[in-house]
1. With a 10 Å cut-off between alpha carbons and a GNM built on the chain, which of 16, 234, 73 moves the most?
2. Rounded, prolate or oblate: pick one for segment 168-313, where a ≥ b ≥ c are the square roots of the eigenvalues of its C-alpha gyration tensor, a/c under 1.5 means rounded, and failing that, prolate if a/b is larger than b/c, else oblate.
3. Pull up all non-local amide H partners of residue 118: gap of 5 or more, or a different chain, and H-to-H distance under 5 Å with H placed in the peptide plane.
4. Would you mind computing, in nm to one decimal, how far apart the modelled labels at residue 132 and residue 74 are, each placed 7 Å from Cα along Cα→Cβ?
5. For every other residue with a beta carbon closer than 10 angstrom to the beta carbon of residue 218, add +1 if it is Lys or Arg and -1 if Asp or Glu, then tell me the sum.
6. So between residue 142 and residue 24, what do we pick up on full extension, going 0.36 nm a residue minus the alpha carbon distance?
7. Fully extended, how many nm does the chain gain between residue 293 and residue 334 (0.36 nm per residue separation, minus their Cα-Cα distance)?
8. Taking all protein chains together and a probe of 1.4 Å, list 330, 314 from the most accessible to the least accessible.
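The values are calculated or read from the model by the stated rules, or taken from the named source; none is laboratory data. Values in this document were obtained by computation on a predicted structure and should not be read as measured data. No Cβ is skipped: glycine too gets one built from the backbone with ideal geometry, and neighbour counts run over all protein chains shown. Side chains included, ligands, DNA and RNA excluded: accessible areas come from the protein's heavy atoms. Shrake-Rupley method; radii C 1.70, N 1.55, O 1.52, S 1.80 Å.
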Amino acid sequence: MSKVLVTGGTGYIGSHTVVELQASGYEVIIADDLSNSKKEVLQGIEKISGILPTFYEIDICNKPAVEALFDQHQIDAIVHFAASKAVGESVEKPLLYYKNNLISLVNLLEIAHGRNASLVFSSSCTVYGEPDKLPVTERSPIKPAISPYGNTKQIGEEIIRDVVEATQIQAISLRYFNPIGAHDSVAIGEYPQGVPNNLVPYLMQVAAGEREQLSVFGDDYSTPDGTCIRDYIHVVDLAKAHVIAVDRLLQSKNDKPYEVFNLGTGKGYSVLELIKTFEQVTGVKLNYAIVDRRAGDIEKVYADTTFANDVLGWKAGKELDEMLLSSWKWQQSLG
């Protein structure tokens, strides 16, 4: 049984990926400092899979602690989620983001190089910035980052590419679009700390009466209804792509040491379309208001998923209504 280290494995995407890895027969080791997640998530993972993964409360920036973990386990692959991820916070605290997101990656690559472990890197569609042409492919131009968070993803990919060329490490970067939804069991889902930074968790809290109003930032964009357009992907579909990426690395299905894949549905939905779909599938009327544009927001971005579909052999399965309904069920389960 191959062992996979999942950094940030008690987080939103990480926990769903742990479930899918275990379902595929991998032994999972989780390393997480619990800075943006809760240890109770492990119980949700066990409830779904029947397996309680080995857990280490570790900051991946602490290289001796990570090396000690590798001394105890023969790790075959790393799925690296552990990172700070709030765009707004990254503007206010850039050094925190450069430290957390880049030092952790460098530590893992140094250790992986000496232990013959492969790497799956959690990247982002933020690397495309405001695209010149839609949908974006993996060959679309990389734009200057609009935030320190986005810059850490760009730099992270560049570091991996350089290291792969100089060593025997194999790696895959997965560029996510907008993950939403929750596991059908309602045992795990997205549980943001403090005020949510993303649209759907904030929307859910407004719908549940925990927050007064949802702000729609601008309705004067060059889109059909004037609001921003994004590509939303269900978190379980996203998690399954990580399993396929690990399979690909460990089974040497690729003849390239480094590959990059877009993970989205290939469909773009506006903010108002998303709100309308939520109201239709739940019967809940949302209190929202149109406000001024928010600095740094991209007008529209959605993926061309052909490369992931054809080469990785992966395709997103869930539609927007299913995604939003699962998010709502998760929100309701929180009581």
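1. Highest fluctuation of the listed residues: 73.
2. The shape class here is prolate.
3. Under 5 Å from the amide H of residue 118 lie the amide H atoms of 77, 78, each far enough along the sequence or on another chain.
4. 4.9 nm
5. -3
6. Length difference between fully extended and current span is 39.1 nm.
7. Gain on stretching residue 293 to residue 334: 11.6 nm.
8. 330, 314
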